[in-house]
1. For residue 151, indicate whether it is in contact with a helix residue (DSSP H, G or I) (Cβ under 8 Å, 6 or more places away or on another chain) and part of a helix (DSSP H, G or I).
2. Look at residue 204 and say whether it is within 15 Å of the chain's Cα centre (by Cα), within 10 Å of the ligand (Cβ to nearest atom) and over 20 Å from residue 273 (Cβ atoms).
3. State whether the residues of segment 179-186 include one that is modelled with pLDDT of 95 or more, in a loop (DSSP other than H, G, I, E, B) and closer than 30 Å to residue 310 by Cβ.
4. Answer yes or no as to whether residue 296 is more than 30 Å from residue 167 (Cβ to Cβ) and either assigned to a helix (DSSP H, G or I) or touching a helix residue (DSSP H, G or I) at 6+ places or on another chain (Cβ under 6 Å) (or both).
5. Go through segment 96-134 residue by residue and tally those that are over 20 Å from residue 240 (Cα atoms) and either without any contact (Cβ under 8 Å) to a residue 60 or more places away in the chain or surrounded by fewer than 16 Cβ atoms within 10 Å (Cβ to Cβ) (or both).
6. Do we find a residue being under 18 Å from residue 36 (Cα atoms), in a loop (DSSP other than H, G, I, E, B) and at pLDDT 95 or above anywhere in segment 264-284?
7. Look at residue 290 and say whether it is under 18 Å from residue 33 (Cα atoms) and either part of a helix (DSSP H, G or I) or more than 10 Å from the ligand (Cβ to nearest atom) (or both).
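The values are calculated or read from the model by the stated rules, or taken from the named source; none is laboratory data. What you see is a predicted model; the values in this text were computed from it and never measured. Counting neighbours? That spans all protein chains shown, and the Cβs are built from the backbone with ideal geometry, glycine included.
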Ligand code: ASP
(Lines give C-alpha, C1' and ligand atoms only; values in the text may rest on other atoms or scores of the structure.)
Protein backbone atom coordinates (compact mmCIF):
# COMPACT_ATOMS: atom_id res chain seq x y z
CA UNK A 1 0.00 0.00 0.00
CA UNK A 2 1.39 3.39 -0.96
CA UNK A 3 2.31 5.73 1.83
CA UNK A 4 -0.01 8.45 0.51
CA UNK A 5 -3.04 6.17 0.75
CA UNK A 6 -1.90 4.99 4.15
CA UNK A 7 -1.65 8.56 5.41
CA UNK A 8 -4.92 9.51 3.77
CA UNK A 9 -6.87 6.97 5.76
CA UNK A 10 -5.08 7.85 8.98
CA UNK A 11 -5.82 11.53 8.63
CA UNK A 12 -9.47 10.91 7.85
CA UNK A 13 -10.06 8.56 10.71
CA UNK A 14 -7.94 9.74 13.57
CA UNK A 15 -7.75 6.04 14.43
CA UNK A 16 -4.59 4.11 15.06
CA UNK A 17 -3.34 1.99 12.21
CA UNK A 18 -1.60 -1.37 12.17
CA UNK A 19 1.57 -1.60 10.15
CA UNK A 20 1.96 -4.72 8.05
CA UNK A 21 4.86 -6.98 8.89
CA UNK A 22 6.69 -5.60 5.89
CA UNK A 23 5.88 -1.96 5.25
CA UNK A 24 7.65 -1.85 1.91
CA UNK A 25 5.74 -4.64 0.19
CA UNK A 26 2.88 -6.07 2.19
CA UNK A 27 1.62 -9.38 0.89
CA UNK A 28 -1.53 -8.89 -1.14
CA UNK A 29 -3.63 -10.60 1.51
CA UNK A 30 -2.17 -8.41 4.28
CA UNK A 31 -3.12 -4.90 3.17
CA UNK A 32 -3.13 -2.28 5.90
CA UNK A 33 -6.35 -2.12 7.84
CA UNK A 34 -7.57 0.58 10.15
CA UNK A 35 -7.48 -0.76 13.72
CA UNK A 36 -9.60 0.17 16.72
CA UNK A 37 -9.06 -0.93 20.29
CA UNK A 38 -11.96 -1.86 22.54
CA UNK A 39 -15.61 -1.80 21.58
CA UNK A 40 -16.68 -0.06 18.36
CA UNK A 41 -19.46 0.12 15.80
CA UNK A 42 -19.29 0.84 12.07
CA UNK A 43 -22.04 1.35 9.51
CA UNK A 44 -22.11 1.65 5.74
CA UNK A 45 -22.34 5.22 4.40
CA UNK A 46 -22.83 7.86 7.06
CA UNK A 47 -25.87 7.26 9.27
CA UNK A 48 -24.25 9.26 12.08
CA UNK A 49 -27.25 9.31 14.42
CA UNK A 50 -27.84 5.57 14.10
CA UNK A 51 -24.19 4.75 14.69
CA UNK A 52 -24.05 7.12 17.67
CA UNK A 53 -27.15 5.47 19.15
CA UNK A 54 -25.51 2.08 18.81
CA UNK A 55 -22.38 3.44 20.46
CA UNK A 56 -24.45 4.72 23.40
CA UNK A 57 -25.53 1.12 23.92
CA UNK A 58 -21.98 -0.21 23.65
CA UNK A 59 -19.87 2.20 25.59
CA UNK A 60 -21.03 1.17 29.07
CA UNK A 61 -20.50 -2.53 28.54
CA UNK A 62 -23.83 -3.06 26.78
CA UNK A 63 -24.62 -6.15 24.71
CA UNK A 64 -23.63 -5.73 21.08
CA UNK A 65 -26.86 -7.18 19.64
CA UNK A 66 -28.98 -4.67 21.60
CA UNK A 67 -26.77 -1.87 20.29
CA UNK A 68 -27.14 -3.04 16.68
CA UNK A 69 -30.92 -3.21 16.96
CA UNK A 70 -31.22 0.17 18.68
CA UNK A 71 -28.94 1.84 16.13
CA UNK A 72 -30.65 0.48 13.02
CA UNK A 73 -34.08 1.39 14.37
CA UNK A 74 -33.02 5.05 14.24
CA UNK A 75 -32.80 4.90 10.44
CA UNK A 76 -35.87 2.69 10.08
CA UNK A 77 -38.05 5.26 11.84
CA UNK A 78 -36.49 8.23 10.01
CA UNK A 79 -38.98 9.26 7.29
CA UNK A 80 -36.32 11.33 5.52
CA UNK A 81 -34.16 8.31 4.74
CA UNK A 82 -35.61 7.11 1.44
CA UNK A 83 -33.73 3.81 1.43
CA UNK A 84 -34.61 2.31 4.84
CA UNK A 85 -37.83 1.81 6.79
CA UNK A 86 -40.67 4.34 6.72
CA UNK A 87 -40.20 6.80 3.87
CA UNK A 88 -38.30 4.19 1.84
CA UNK A 89 -38.78 4.42 -1.91
CA UNK A 90 -41.55 2.07 -3.08
CA UNK A 91 -41.44 -0.57 -5.78
CA UNK A 92 -42.69 0.35 -9.27
CA UNK A 93 -46.27 -0.34 -8.17
CA UNK A 94 -46.04 2.09 -5.24
CA UNK A 95 -45.63 -0.41 -2.39
CA UNK A 96 -42.85 -0.05 0.19
CA UNK A 97 -41.38 -3.49 0.88
CA UNK A 98 -38.63 -3.89 3.45
CA UNK A 99 -35.81 -6.40 3.94
CA UNK A 100 -33.61 -6.88 7.02
CA UNK A 101 -31.47 -9.42 8.80
CA UNK A 102 -29.52 -9.74 12.02
CA UNK A 103 -26.82 -12.09 13.37
CA UNK A 104 -25.40 -12.52 16.85
CA UNK A 105 -22.00 -13.60 18.13
CA UNK A 106 -22.97 -17.26 18.09
CA UNK A 107 -23.89 -17.20 14.42
CA UNK A 108 -27.62 -17.28 15.07
CA UNK A 109 -29.54 -15.46 12.36
CA UNK A 110 -32.95 -13.99 11.65
CA UNK A 111 -34.31 -12.34 8.54
CA UNK A 112 -37.45 -10.83 7.05
CA UNK A 113 -37.97 -10.28 3.35
CA UNK A 114 -40.69 -8.40 1.47
CA UNK A 115 -42.16 -7.09 4.72
CA UNK A 116 -44.92 -4.47 4.35
CA UNK A 117 -46.54 -2.02 6.79
CA UNK A 118 -44.10 -2.54 9.66
CA UNK A 119 -41.62 0.20 10.62
CA UNK A 120 -38.96 -1.91 12.35
CA UNK A 121 -37.89 -4.88 10.20
CA UNK A 122 -34.62 -5.24 12.16
CA UNK A 123 -36.61 -5.93 15.33
CA UNK A 124 -38.87 -8.37 13.52
CA UNK A 125 -35.76 -10.13 12.21
CA UNK A 126 -34.45 -10.39 15.77
CA UNK A 127 -37.76 -11.88 16.88
CA UNK A 128 -37.54 -14.41 14.05
CA UNK A 129 -34.07 -15.35 15.30
CA UNK A 130 -35.01 -15.57 18.96
CA UNK A 131 -38.67 -16.59 18.98
CA UNK A 132 -39.23 -18.76 15.93
CA UNK A 133 -37.72 -22.06 14.75
CA UNK A 134 -36.81 -20.43 11.41
CA UNK A 135 -34.23 -18.08 9.94
CA UNK A 136 -36.21 -16.29 7.20
CA UNK A 137 -39.85 -15.23 7.09
CA UNK A 138 -41.25 -13.63 3.95
CA UNK A 139 -44.12 -11.42 2.86
CA UNK A 140 -47.50 -11.93 4.48
CA UNK A 141 -46.12 -14.59 6.81
CA UNK A 142 -43.46 -12.19 8.08
CA UNK A 143 -46.10 -9.51 8.51
CA UNK A 144 -48.43 -11.84 10.38
CA UNK A 145 -45.57 -12.87 12.64
CA UNK A 146 -44.80 -9.18 13.30
CA UNK A 147 -48.40 -8.32 14.16
CA UNK A 148 -48.64 -11.38 16.41
CA UNK A 149 -45.56 -10.12 18.24
CA UNK A 150 -46.99 -6.69 18.88
CA UNK A 151 -45.66 -4.63 15.96
CA UNK A 152 -48.06 -1.92 14.79
CA UNK A 153 -49.50 -1.72 11.29
CA UNK A 154 -48.15 1.49 9.71
CA UNK A 155 -48.35 3.01 6.24
CA UNK A 156 -44.71 3.30 5.14
CA UNK A 157 -45.30 5.39 2.00
CA UNK A 158 -44.72 9.05 2.92
CA UNK A 159 -45.98 11.94 0.79
CA UNK A 160 -42.39 12.74 -0.18
CA UNK A 161 -41.70 9.21 -1.42
CA UNK A 162 -45.06 9.08 -3.16
CA UNK A 163 -44.32 12.29 -5.08
CA UNK A 164 -40.87 11.07 -6.12
CA UNK A 165 -42.36 7.77 -7.29
CA UNK A 166 -45.08 9.58 -9.31
CA UNK A 167 -42.37 11.62 -11.06
CA UNK A 168 -40.35 8.47 -11.74
CA UNK A 169 -43.41 6.77 -13.25
CA UNK A 170 -43.81 9.53 -15.82
CA UNK A 171 -40.15 9.52 -16.76
CA UNK A 172 -39.40 5.80 -16.67
CA UNK A 173 -42.68 4.56 -18.13
CA UNK A 174 -42.85 1.75 -15.58
CA UNK A 175 -39.63 0.13 -16.76
CA UNK A 176 -37.90 -1.70 -13.90
CA UNK A 177 -34.58 0.00 -14.59
CA UNK A 178 -31.89 -0.73 -12.04
CA UNK A 179 -31.40 2.36 -9.96
CA UNK A 180 -27.67 2.77 -9.49
CA UNK A 181 -27.84 6.03 -7.57
CA UNK A 182 -29.85 5.15 -4.46
CA UNK A 183 -27.95 2.81 -2.22
CA UNK A 184 -27.97 3.94 1.38
CA UNK A 185 -28.87 0.64 2.99
CA UNK A 186 -27.70 0.53 6.58
CA UNK A 187 -25.32 -2.33 7.26
CA UNK A 188 -24.04 -2.12 10.83
CA UNK A 189 -21.45 -4.37 12.49
CA UNK A 190 -20.00 -3.99 15.96
CA UNK A 191 -17.93 -5.44 18.77
CA UNK A 192 -18.68 -4.94 22.45
CA UNK A 193 -16.40 -4.60 25.48
CA UNK A 194 -16.59 -8.35 26.06
CA UNK A 195 -15.44 -9.02 22.51
CA UNK A 196 -18.84 -10.24 21.29
CA UNK A 197 -19.62 -9.27 17.70
CA UNK A 198 -22.95 -8.89 15.90
CA UNK A 199 -24.45 -7.22 12.86
CA UNK A 200 -27.62 -6.08 11.17
CA UNK A 201 -28.69 -4.85 7.77
CA UNK A 202 -31.91 -3.05 6.81
CA UNK A 203 -33.22 -1.58 3.55
CA UNK A 204 -36.20 -0.76 1.39
CA UNK A 205 -34.11 -2.17 -1.47
CA UNK A 206 -33.64 -0.63 -4.86
CA UNK A 207 -36.00 2.22 -5.62
CA UNK A 208 -38.79 1.32 -8.08
CA UNK A 209 -37.79 -2.32 -8.22
CA UNK A 210 -40.16 -4.94 -9.64
CA UNK A 211 -42.75 -6.02 -7.10
CA UNK A 212 -41.44 -9.05 -5.24
CA UNK A 213 -37.77 -8.21 -5.76
CA UNK A 214 -35.52 -9.06 -2.81
CA UNK A 215 -31.92 -7.87 -2.68
CA UNK A 216 -28.86 -8.99 -0.78
CA UNK A 217 -29.58 -7.17 2.47
CA UNK A 218 -31.74 -9.86 4.19
CA UNK A 219 -29.80 -12.78 2.72
CA UNK A 220 -27.47 -14.28 5.31
CA UNK A 221 -23.99 -14.42 3.78
CA UNK A 222 -24.74 -11.81 1.14
CA UNK A 223 -25.83 -8.59 2.88
CA UNK A 224 -24.41 -9.66 6.24
CA UNK A 225 -22.31 -12.37 7.83
CA UNK A 226 -20.99 -12.74 11.37
CA UNK A 227 -18.71 -15.42 12.77
CA UNK A 228 -17.89 -14.75 16.40
CA UNK A 229 -14.49 -16.46 16.06
CA UNK A 230 -13.43 -14.57 12.93
CA UNK A 231 -15.21 -11.30 12.25
CA UNK A 232 -18.17 -9.60 10.59
CA UNK A 233 -18.98 -8.12 7.20
CA UNK A 234 -21.83 -6.25 5.55
CA UNK A 235 -22.71 -4.84 2.15
CA UNK A 236 -24.47 -2.07 0.31
CA UNK A 237 -25.07 -1.31 -3.33
CA UNK A 238 -26.49 -3.37 -6.17
CA UNK A 239 -27.76 -6.43 -4.32
CA UNK A 240 -28.06 -8.67 -7.37
CA UNK A 241 -24.27 -8.56 -7.76
CA UNK A 242 -23.60 -9.06 -4.05
CA UNK A 243 -25.82 -12.16 -4.00
CA UNK A 244 -24.05 -13.70 -6.99
CA UNK A 245 -20.71 -13.57 -5.17
CA UNK A 246 -22.08 -14.09 -1.61
CA UNK A 247 -20.09 -11.02 -0.66
CA UNK A 248 -20.28 -10.88 3.13
CA UNK A 249 -19.61 -14.57 3.66
CA UNK A 250 -16.72 -14.28 1.25
CA UNK A 251 -15.11 -11.50 3.28
CA UNK A 252 -15.44 -13.41 6.56
CA UNK A 253 -14.13 -16.58 4.94
CA UNK A 254 -11.12 -14.74 3.53
CA UNK A 255 -10.40 -13.27 6.97
CA UNK A 256 -10.62 -16.79 8.41
CA UNK A 257 -7.93 -17.81 5.93
CA UNK A 258 -5.67 -15.01 7.15
CA UNK A 259 -6.56 -12.09 4.89
CA UNK A 260 -6.49 -8.72 6.58
CA UNK A 261 -9.94 -7.08 6.53
CA UNK A 262 -8.80 -4.54 3.94
CA UNK A 263 -7.46 -7.28 1.68
CA UNK A 264 -10.68 -9.28 2.16
CA UNK A 265 -12.87 -6.32 1.18
CA UNK A 266 -10.74 -5.58 -1.87
CA UNK A 267 -10.71 -9.23 -2.96
CA UNK A 268 -14.50 -9.49 -2.58
CA UNK A 269 -15.02 -6.37 -4.69
CA UNK A 270 -12.48 -7.73 -7.16
CA UNK A 271 -14.59 -10.87 -7.63
CA UNK A 272 -17.52 -8.74 -8.80
CA UNK A 273 -15.37 -6.72 -11.19
CA UNK A 274 -13.71 -9.89 -12.52
CA UNK A 275 -17.11 -11.33 -13.39
CA UNK A 276 -17.68 -8.27 -15.58
CA UNK A 277 -14.58 -9.05 -17.61
CA UNK A 278 -12.32 -6.88 -15.45
CA UNK A 279 -13.88 -3.60 -16.62
CA UNK A 280 -15.33 -1.47 -13.84
CA UNK A 281 -19.10 -1.90 -14.16
CA UNK A 282 -21.58 0.95 -14.12
CA UNK A 283 -22.95 0.24 -10.65
CA UNK A 284 -21.77 0.59 -7.09
CA UNK A 285 -21.16 -2.01 -4.39
CA UNK A 286 -19.55 -1.11 -1.06
CA UNK A 287 -18.24 -3.52 1.56
CA UNK A 288 -17.10 -3.11 5.17
CA UNK A 289 -15.72 -5.79 7.46
CA UNK A 290 -13.64 -6.28 10.59
CA UNK A 291 -11.86 -9.10 12.37
CA UNK A 292 -11.88 -9.98 16.06
CA UNK A 293 -8.67 -7.94 16.57
CA UNK A 294 -10.63 -4.82 15.67
CA UNK A 295 -8.96 -4.31 12.28
CA UNK A 296 -11.37 -2.74 9.80
CA UNK A 297 -11.52 -2.97 6.01
CA UNK A 298 -13.67 -1.07 3.51
CA UNK A 299 -13.77 -1.02 -0.26
CA UNK A 300 -16.12 -0.31 -3.15
CA UNK A 301 -16.21 -0.54 -6.90
CA UNK A 302 -16.24 3.25 -7.35
CA UNK A 303 -15.03 6.11 -5.13
CA UNK A 304 -17.64 7.82 -3.00
CA UNK A 305 -18.13 5.09 -0.43
CA UNK A 306 -17.20 5.07 3.25
CA UNK A 307 -18.34 4.18 6.72
CA UNK A 308 -19.04 5.84 10.01
CA UNK A 309 -17.12 4.70 13.09
CA UNK A 310 -17.75 5.23 16.79
CA UNK A 311 -15.36 3.97 19.44
CA UNK A 312 -13.65 5.25 22.56
CA UNK A 313 -11.31 7.35 20.41
CA UNK A 314 -13.16 7.84 17.12
CA UNK A 315 -16.35 9.46 16.09
CA UNK A 316 -16.92 10.15 12.45
CA UNK A 317 -16.96 9.27 8.78
CA UNK A 318 -14.07 7.49 7.11
CA UNK A 319 -13.91 7.67 3.34
CA UNK A 320 -12.77 4.47 1.69
CA UNK A 321 -11.66 6.74 -1.17
CA UNK A 322 -8.10 7.01 0.06
CA UNK A 323 -7.55 3.50 -1.20
CA UNK A 324 -8.39 4.55 -4.75
CA UNK A 325 -5.41 6.87 -4.93
CA UNK A 326 -3.19 3.90 -5.47
CA UNK A 327 -4.97 2.95 -8.73
N1 LIG B 1 -28.19 -3.60 -1.27
C2 LIG B 1 -29.52 -3.06 -1.35
C3 LIG B 1 -30.35 -3.93 -2.23
O4 LIG B 1 -29.87 -4.39 -3.25
C5 LIG B 1 -29.58 -1.69 -1.89
C6 LIG B 1 -28.80 -0.67 -1.12
O7 LIG B 1 -27.69 -0.92 -0.71
O8 LIG B 1 -29.35 0.43 -0.93
O9 LIG B 1 -31.51 -4.11 -1.93
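1. Spelling it out, it is not the case that residue 151 is in contact with a helix residue (DSSP H, G or I) (Cβ under 8 Å, 6 or more places away or on another chain) and part of a helix (DSSP H, G or I).
2. Working: within 15 Å of the chain's Cα centre (by Cα): yes; within 10 Å of the ligand (Cβ to nearest atom): yes; over 20 Å from residue 273 (Cβ atoms): yes.
For residue 204, the condition - within 15 Å of the chain's Cα centre (by Cα), within 10 Å of the ligand (Cβ to nearest atom) and over 20 Å from residue 273 (Cβ atoms) - is met.
3. no
4. Values: more than 30 Å from residue 167 (Cβ to Cβ): yes; either assigned to a helix (DSSP H, G or I) or touching a helix residue (DSSP H, G or I) at 6+ places or on another chain (Cβ under 6 Å) (or both): yes.
So residue 296 passes the test.
5. First pass over segment 96-134, keeping only residues over 20 Å from residue 240 (Cα atoms): 103-110, 116-134.
Next, from what is left, pick out any that are either without any contact (Cβ under 8 Å) to a residue 60 or more places away in the chain or surrounded by fewer than 16 Cβ atoms within 10 Å (Cβ to Cβ) (or both): 106-108, 110, 116-120, 123-124, 127-134.
Matching residues across segment 96-134 total 19.
6. Step one: filter segment 264-284 for residues under 18 Å from residue 36 (Cα atoms), giving 264-265.
Within this subset, residues satisfying the condition of being in a loop (DSSP other than H, G, I, E, B) are none.
No, segment 264-284 contains no residue that is under 18 Å from residue 36 (Cα atoms), in a loop (DSSP other than H, G, I, E, B) and at pLDDT 95 or above.
7. Numbers: under 18 Å from residue 33 (Cα atoms): yes; either part of a helix (DSSP H, G or I) or more than 10 Å from the ligand (Cβ to nearest atom) (or both): yes.
For residue 290, the condition - under 18 Å from residue 33 (Cα atoms) and either part of a helix (DSSP H, G or I) or more than 10 Å from the ligand (Cβ to nearest atom) (or both) - is met.
The rows are residues; the columns are (1) assigned to a strand (DSSP E or B); (2) surrounded by 24 or more Cβ atoms within 10 Å (Cβ to Cβ); (3) at positive phi.
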site	(1), (2), (3)
38	no, no, yes
43	yes, yes, no
51	no, yes, no
56	no, no, no
68	no, yes, no
75	no, yes, no
